[in-house]
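Down below is the structure, laid out as structure tokens.
The values are calculated or read from the model by the stated rules, or taken from the named source; none is laboratory data. On a predicted model such as this, the values are computed, not experimentally measured, just so you know. Methodologically, a virtual Cβ is constructed for each residue, glycine included, from the backbone with ideal geometry; neighbour enumeration extends over all protein chains shown. Just the protein is used for accessible areas: all its heavy atoms, side chains included, with ligands, DNA and RNA removed. Shrake-Rupley method; radii C 1.70, N 1.55, O 1.52, S 1.80 Å.
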Amino acid sequence: MKTVQIAIDGPAGAGKSTIAKRIAESFNYVYIDTGAMYRAITLKAMRLNLDFDDPDGFGFIDSTDFAYHEGKLIMDGEDVSDRIRSRDISNNVSLVSSYLSVRKKTVKRQQEIAQNINVVMDGRDIGTNVLVNAQYKFFLTASVQTRARRRYKENLERGIMSTLEDLQREIEMRDQFDSTREHSPLKAASDAIVIDTSNMSIDEVVTIIKRKVREDE
Ligand code: C5P
């Protein structure tokens with residue numbers, strides 16, 4: 001039977017992960033958060049005391065084990081899902097993920113994981129690079145103010161201290177870096193459906209995506 005792939009891309013704080021998780025749950029598909037993998041690589045590089053400015057220092061990825069289990073990312077047997085959300089990781093991950101050597105290894109792993117399963121994958125280059133043949137591609141956007149507010153609320157819930165102003169600045173910097181990098185920059189695939197979620201609730205976006213997928217069933 002042919003498997004179904006749903007790609008959800010967009011900038012930081014556009015609601016991708018919450019929405020992707022909900023879609024995966026309702027169709028009983030596997031949810032894969034690809035940003036988590038770049039964050040985990042950044043965490044491991046930090047622990048190894050590597051120089052982030054050296055693109056050749058990431059050979060360790062080859063011998064690193066990544067597994068997704070019930071929405072959690074397990075790296076080398078350790079559940080790193082919470083640790084990778086910290087600010088030090090957020091502020092370094094874009095540099096790490098901009099290196100071609102890092103992307104090649106990471107994208108290969110992501111493609112292997114998505115093989116032969118029904119999957120909802122979110123990230124920045126899923127529709128344009130990782131799952132180019134995905135049957136469904138969505139690109140979620142929202143104003144930077146809305147995205148900063150959402151991140152602020154999320155951080156509060158996770159007990160992470162931040163101010164709205166700092167978050168907005170950090171999000172703007174990350175978007176700028178991600179969308180202007182040389183390799184697989186953040187952009188909508190030409191065949192993606194673009195949804196501006198600024199004035200929409202999570203439920204509304206989930207409904208639109210589910211309707212689109214069901215239309216073809
Ligand atoms: O999705 P999240 O905000 O956790 O992603 C963290 C960072 O990982 C992004 O800002 C981007 O630099 C990188 N990323 C990427 N390609 C993906 C997913 C994330 O380059 N598919």
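Being away from the ligand (no atom under 13 Å from the Cβ) and either charged (D, E, K, R) or assigned to a strand (DSSP E or B) (or both) holds for only one residue in Ile74, Ile117, and it is Ile74. Filtering the range 96-105 for residues that are closer than 16 Å to Gly10 by Cβ and either buried (at least 18 other Cβ atoms within 10 Å of the Cβ) or among the aliphatic types (A, V, I, L, M) (or both) leaves a non-empty set. Checking the range 19-32 against the condition returns no match, with no residue being polar (S, T, N, Q), assigned to a helix (DSSP H, G or I), within 13 Å of the ligand (Cβ to nearest atom) and touching a residue at least 40 places away in the same chain (Cβ under 8 Å).
Quick check: anything in the range 140-153 over 22 Å from Thr42 (Cβ atoms), away from the ligand (no atom under 12 Å from the Cβ) and in contact with a strand residue (DSSP E or B) (Cβ under 7 Å, 6 or more places away or on another chain)? Yes; the residues of the range 140-153 include at least one that is over 22 Å from Thr42 (Cβ atoms), away from the ligand (no atom under 12 Å from the Cβ) and in contact with a strand residue (DSSP E or B) (Cβ under 7 Å, 6 or more places away or on another chain). How many of the residues in the range 15-31 are among the hydrophobic types (A, V, I, L, M, F, W, C) and surrounded by 24 or more Cβ atoms within 10 Å (Cβ to Cβ)? So the count comes out to 2. Quickly run through the range 149-207 and pick out the residues that are in a strand (DSSP E or B) and either of a type in the set (Val, Ile, Thr) or modelled with pLDDT under 95 (or both). Once the filter is applied, which keeps residues that are in a strand (DSSP E or B) and either of a type in the set (Val, Ile, Thr) or modelled with pLDDT under 95 (or both), the range 149-207 yields Ile193, Val194, Ile195. How many of the residues making up the range 1-14 are assigned to a strand (DSSP E or B) and open to solvent by less than 10 Å² (accessible area, probe 1.4 Å)? The total comes to 4. For residues in the range 33-59 being surrounded by 13 or more Cβ atoms within 10 Å (Cβ to Cβ), in a helix (DSSP H, G or I) and free of Cβ contacts under 8 Å to residues at least 40 places away in the same chain, which is nearest to the ligand (Cβ to nearest atom)? In this case the residue turns out to be Lys44.
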